[in-house]
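Colleague: This is the structure I have questions about; it appears just below.
The values are calculated or read from the model by the stated rules, or taken from the named source; none is laboratory data. Remember, it's a predicted structure, so these values are computed and weren't measured experimentally. Glycine gets a Cβ as well: all are built from the backbone with ideal geometry, and neighbour counts include every protein chain shown.
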Amino acid sequence: MLVARDDPLDTYLVHHPEALLGQPVEGTVFDPDNPYVLGPHLCAAAQELPITSKDLPLFGPGARAALDGLVADGMLRRRPTGWFWTDRNRACDLADIRSTGGAQVQLVEAGTGRVVGTVDGGRAHTTAHAGAVYVHRGETWLVEELDLDDHVAVLRRAEVDYTTTARDVADIVVVEEREHQMWGRCRLSFGTVDVSNQVTAYLRRRTRTGEVIDETPLDLPVRSLRTGAVWWTVPDDVVEAAGLTRADLPGAAHAAEHCSIGLLPLFATCDRWDIGGVSTARHPDTGVLTVFVHDGHPGGAGFAERGYATAREWLGATRATIAACECVSGCPSCVQSPKCGNGNDPLDKEGAVLLLDALLAAAR
Ligand SMILES: [Zn+2]
Ligand SMILES: [Zn+2]
């Protein structure tokens, strides 16, 4: 029995059960050459057994450069017999191999100072800011203060009848296009981008109805991230020929972006929280309508690259999910996203289908 939730991935699987039940075991997506991934793993390996020159091929072509970097940073020590971990702490405590979202923030109970958990540095801005309702192991907490210098969020237990969602502004700059293919006059690209993101406020919503109670501004620094992204562009005249007006574009692109993020986990073994997106009716680097989906980890984790490699199927499934959803103007099963920094506005469900049709018309 399959119990579906309100999200695009589950919606797609309900309509296409063969995508889940008829498939061979999926390949895990992982970029072992990403220095942000490789470095911590080398530390953890060296702690178990010093790494010798003979071991290097096991860790891939980037291993030697990564080891040199770790020696220069004082993480490992080079001796004639190999590379040694000399710290008394466990490597996996210092070098976070589970995720690479920056230094962990400790969740500390007000009054007692008890550490109740940790949250990724990158996620702390959106989930552990002052005033946030934080659900941890089924218990509801209210964050009193987020101290980014000391990597600590102070919180206390609370029973509240509202949830909080962060609002943010994101900007993305293309650093390098590494690959591209033309789909007619539309362009699909993969490469490196700089994403900057600032959480500017949060909304309180009634738990029962989702109704917005109020919005409170926040003063948090801009975070930036250099990572991998897949992006696609549609030129103006193609957009026009598809029957979309200028006013439709922001909502259409945004809706297509959301649903594609929701579906990428079907093609790359990731969670929708591991990836992010930015869409714009006109991007300064491309000059035309552009939708980006990027890895949420520094250096990229390979998810966007997998999206690029499977783009026709991935974006085709995105189009199919939006078109098949029975809602009127967008719902969490198709184009709404629980992590949208814009409060799911604007979203244009019909426009997204037209836009994806225009993009996919000449897809290869
Ligand atoms: Zn829907
Ligand atoms: Zn959004």
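Colleague: Could we say that Arg226 is outside the structural domain of Cys340 (by TED's automatic domain parsing) and either exposed (fewer than 14 other Cβ atoms within 10 Å of the Cβ) or modelled with pLDDT of 90 or more (or both) here?
Modeller: In short, no.
Colleague: Right, another one. I need the full set of residues from segment 282-299 which are at negative phi and modelled with pLDDT under 95, in order please.
Modeller: Within segment 282-299, Asp295, Gly296, His297, Pro298 meet the criteria.
Colleague: So, in segment 139-178, of the ones that are outside any strand (DSSP E or B) and of a type in the set (Asp, Glu), which residue ends up nearest to Arg206 (Cα to Cα)?
Modeller: Asp161
Colleague: Return a yes/no flag: does segment 201-223 have any residue that is part of a strand (DSSP E or B), surrounded by 13 or more Cβ atoms within 10 Å (Cβ to Cβ) and under 15 Å from the mean Cα position of the chain (by Cα).
Modeller: Yes, some residue in segment 201-223 is part of a strand (DSSP E or B), surrounded by 13 or more Cβ atoms within 10 Å (Cβ to Cβ) and under 15 Å from the mean Cα position of the chain (by Cα).
Colleague: Looking at (1) free of Cβ contacts under 8 Å to residues at least 60 places away in the same chain; (2) part of a loop (DSSP other than H, G, I, E, B); (3) more than 12 Å from ligand 1 (Cβ to nearest atom), which is the only condition Val328 fails?
Modeller: So the condition that Val328 fails would be (3).
Colleague: With respect to Leu9, is the statement that it is in contact with a helix residue (DSSP H, G or I) (Cβ under 9 Å, 6 or more places away or on another chain) and either surrounded by fewer than 18 Cβ atoms within 10 Å (Cβ to Cβ) or under 29 Å from Asp271 (Cβ atoms) (or both) true?
Modeller: It is true that Leu9 is in contact with a helix residue (DSSP H, G or I) (Cβ under 9 Å, 6 or more places away or on another chain) and either surrounded by fewer than 18 Cβ atoms within 10 Å (Cβ to Cβ) or under 29 Å from Asp271 (Cβ atoms) (or both).
Colleague: Could you please give the count of residues in segment 26-42 that are modelled with pLDDT of 70 or more, aliphatic (A, V, I, L, M) and either in contact with a strand residue (DSSP E or B) (Cβ under 9 Å, 6 or more places away or on another chain) or in a loop (DSSP other than H, G, I, E, B) (or both)?
Modeller: The total comes to 1.
Colleague: For the list (1) buried (at least 16 other Cβ atoms within 10 Å of the Cβ); (2) at pLDDT 85 or above; (3) in a helix (DSSP H, G or I), I need the number of the one condition that Gln106 fails.
Modeller: (3)
Colleague: Taking the condition of being within 13 Å of ligand 1 (Cβ to nearest atom) and out of contact with any Leu (no Cβ under 8 Å at 6 or more places or on another chain), how many residues in segment 300-325 meet it?
Modeller: 4
Colleague: Right, here's the next one. Look through segment 339-358, keep the residues that are part of a loop (DSSP other than H, G, I, E, B) and more than 14 Å from ligand 1 (Cβ to nearest atom), and return whichever of them is nearest to Pro250 (Cα to Cα).
Modeller: Restricting to residues being part of a loop (DSSP other than H, G, I, E, B) and more than 14 Å from ligand 1 (Cβ to nearest atom), the top hit is Pro346.
Colleague: In segment 244-276, which residues are more than 16 Å from ligand 2 (Cβ to nearest atom) and closer than 13 Å to Arg306 by Cα?
Modeller: Matches in segment 244-276: Pro265, Leu266, Phe267, Ala268, Thr269, Cys270.
Colleague: What are the residues in segment 285-325 that are in a strand (DSSP E or B) and acidic (Asp, Glu), if any?
Modeller: Passing the criteria: only Asp295.
Colleague: Related question: Within the set of pairs 6 or more residues apart or between chains, which connect a residue that is assigned by TED's automatic domain parsing to the domain that holds Ala65 and within 17 Å of Ala63 (Cα to Cα) inside segment 75-92 to a residue that is modelled with pLDDT under 85 and not aliphatic (A, V, I, L, M) with Cβ atoms less than 6 Å apart?
Modeller: Within 6 Å, the pairs are Arg77/Thr86.
Colleague: Right, something else. When you go through Ala320, Ala352, Ala247, Ala324 one by one, which is the residue that is surrounded by 20 or more Cβ atoms within 10 Å (Cβ to Cβ), at negative phi and of a type in the set (A, V, I, L, M, F, W, C)?
Modeller: Criteria check complete, one pass: Ala352.
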